1. Out of region A:1-24, which residues are buried (at least 19 other Cβ atoms within 10 Å of the Cβ) and free of Cβ contacts under 8 Å to residues at least 40 places away in the same chain?
2. Filter region A:132-154 for residues that are assigned to a helix (DSSP H, G or I) and of a type in the set (Ser, Thr, Tyr); which is nearest to residue A:79 (Cα to Cα)?
3. Identify all residues within region A:29-57 that are among the small types (Gly, Ala, Ser) and over 19 Å from residue A:129 (Cβ atoms); write none if there are none.
4. Scan the strands (runs of 3 or more DSSP E) fully inside region B:205-320 and keep the ones with 2 or more residues being within 18 Å of the chain's Cα centre (by Cα).
5. When you scan region B:280-298, how many residues do you find that are more than 8 Å from every other protein chain (Cβ to nearest Cβ) and surrounded by fewer than 17 Cβ atoms within 10 Å (Cβ to Cβ)?
6. Is it the case that some residue within region A:43-56 is assigned to a helix (DSSP H, G or I), within 27 Å of residue B:277 (Cα to Cα) and without any contact (Cβ under 8 Å) to a residue 40 or more places away in the chain?
7. Which of the residues spanning region A:153-165 are within 14 Å of chain B (Cβ to nearest Cβ) and over 15 Å from residue A:48 (Cβ atoms)?
8. Can you find, within region B:246-279, the residue that is modelled with the highest pLDDT among those that are aliphatic (A, V, I, L, M) and surrounded by fewer than 20 Cβ atoms within 10 Å (Cβ to Cβ)?
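The values are calculated or read from the model by the stated rules, or taken from the named source; none is laboratory data. Small disclaimer: the values here were computed from a predicted structure and weren't measured. Reconstructed Cβ throughout: ideal geometry from the backbone, glycine too, with neighbour counts over all protein chains shown.
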Amino acid sequence: MERVVRRWIRPVLWLLVLAPVALLATQFLRDELGADPIEKLEMETGQWTLRMLAASLAVTPIMRLTRWGWLVAQRRFLGLTAFFYALGHLSVYTVLDWFFDWRSIFEDILEHLYVTVGMLAFVLMIPLALTSTKRSIRWLGGKKWNRLHQLVYVSAVAGCIHFLWAVKKDITEPLIYIGVFAVLFAFRIVWWWRGRSRVGTAVSGVTAV
Amino acid sequence: MLIRRPDDIASSEITPESVYLDRRKFVGKAGALAIGAMVAPTALQAMACSSESAAVGERRDSANGVVGQEEKVTDEKDATSYNNFYEFGTGKDEPVENAKGFRTSPWTVSVEGMVKKPTKFAIEDLLRGLTVQDRTYRHRCVEAWSMVIPWRGVPLRDLLAKMEPLPSAKFVEFTTLFDPNRMPGQKTNALPWPYVEGLRMDEAMHPLALMATGMYGKTLPPQNGAPLHLIVPWKYGFKGAKSIVKIRFTDKMPRTTWNDLASNEYGFYANVNPDVDHPRWSQAQERRIGQFRKIPTLPFNGYAKEVASLYAGMDLRKNY
């Protein structure tokens, strides 16, 4: 089982990652995105960003449950994918939605909180994308690198708030995303809590000796 | 601009779509001839026209409310498949699916409040004797997208006059049907049902206000608010209650759905105003469906000449 998964996971992930892009591009060119294709593209690229981000955050729990340490490489792959979807989302916004109307764009970012928070979510991903190579891990050292990459949690929260505030009334979909991220966060909180108490016992054990 | 059709069209004759499309071409050409960016809608001419036609008897009349050089009528497919009608789902592509088979006959409208005699009208009786007109108006959604839609309907003032409101009536309230079995969106609590909207009497009696019964030369499709859809072209789209079953006259400003939900985001007046932003997005520009670049939003959606006087002396930043 492990060998099969290990052999096929990358091709399958590539397929999953590229399929939405291919689909959206085709639909866009064939004018199948409804009456307001730009809004639709914005919505889709934004949601795919959150999905990829959730997928990347799901790697660690799965890795710990299966003890497949090699999964760690998929985490960076999915994280980068999330970044590129975010970049696509921002490009649709800048090029198709506002057509490089920088003044309006800056006003929009400064005056409308959901846009501000969305920008924050994106900006926080930039250093993570830049340090996604093996070389940067070696250069920073595992500990520092992990520390830096905890920014992804802030970005995910900002991304969810961005979606929640962008919606006019029916917040069902944002709530689904928030629920998924809450579960992914819960794993970490539980582990952190357990780890802390274990360290605590160890320390007291040492004292006893 | 006023586009008139030959006078020899009988009231019984339904305009075939091909003829209708020709009219659109004509409108386009006439628009191109017009000098200046925007040809002002000629409400007064429309009015004169309707009273004149009332004199000759019922007949279809084409009074055109809009159309400037750049303004093309939105694709019928877009206007009938992309709209907000939460009674049939909160997605803009949902009403067209979920409203399939929605029956609008029989249909009763209850007239209540400050009227000479509260009455339940069968829709046929309510519309009988009123002149049906074609009016092409800009439609501006509060979400910053817009369309140009050729509506067909009766002037709201004619419809309301028939209900004989008392002079003490200062406002009129419109209520949408509440029937979750027929409007599946009402099974959710997406909005507090039923949907209620309202106008000040002078707004309601303005010649541009229309009670639509059709669009694109056809009967109103259910997803667009059949059989009665209020059209107030200088206001954001949410003011236009759909599938209306109750009209009530009152001397107090009625509570309206979106205003009740979030009064900082949606005012009672909701006049299209590029200078007053929605707290979460700008209203300075809009995307005209079918066009790529955003276009500037006009005060009162381009009908300032006709309606601005209704709000003389009012602070439009406060009364948004």
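1. Taking region A:1-24 as the starting set, the residues that turn out to be buried (at least 19 other Cβ atoms within 10 Å of the Cβ) are A:17, A:24.
Passing the criteria: only A:24.
2. Result: A:153.
3. Once the filter is applied, which keeps residues that are among the small types (Gly, Ala, Ser) and over 19 Å from residue A:129 (Cβ atoms), region A:29-57 yields A:34, A:35.
4. Hits in region B:205-320: B:210-215, B:229-231, B:244-250.
5. Start the filter on region B:280-298 by keeping residues that are more than 8 Å from every other protein chain (Cβ to nearest Cβ), which leaves B:283, B:286, B:288, B:291, B:295-298.
With surrounded by fewer than 17 Cβ atoms within 10 Å (Cβ to Cβ) added as a condition, the list becomes B:291, B:295-296.
Selection size over region B:280-298: 3.
6. yes
7. Our first condition is that a residue be within 14 Å of chain B (Cβ to nearest Cβ); within region A:153-165, this holds for A:161-165.
Listed by number, the residues that qualify are A:161, A:164, A:165.
8. At the first step, the residues of region B:246-279 found to be aliphatic (A, V, I, L, M) are B:247, B:253, B:261-262, B:270, B:272, B:276.
Next cut, surrounded by fewer than 20 Cβ atoms within 10 Å (Cβ to Cβ) only: B:253, B:261-262, B:276.
Values: B:253: 96, B:261: 92, B:262: 91, B:276: 93.
Per the criteria, the residue is B:253.
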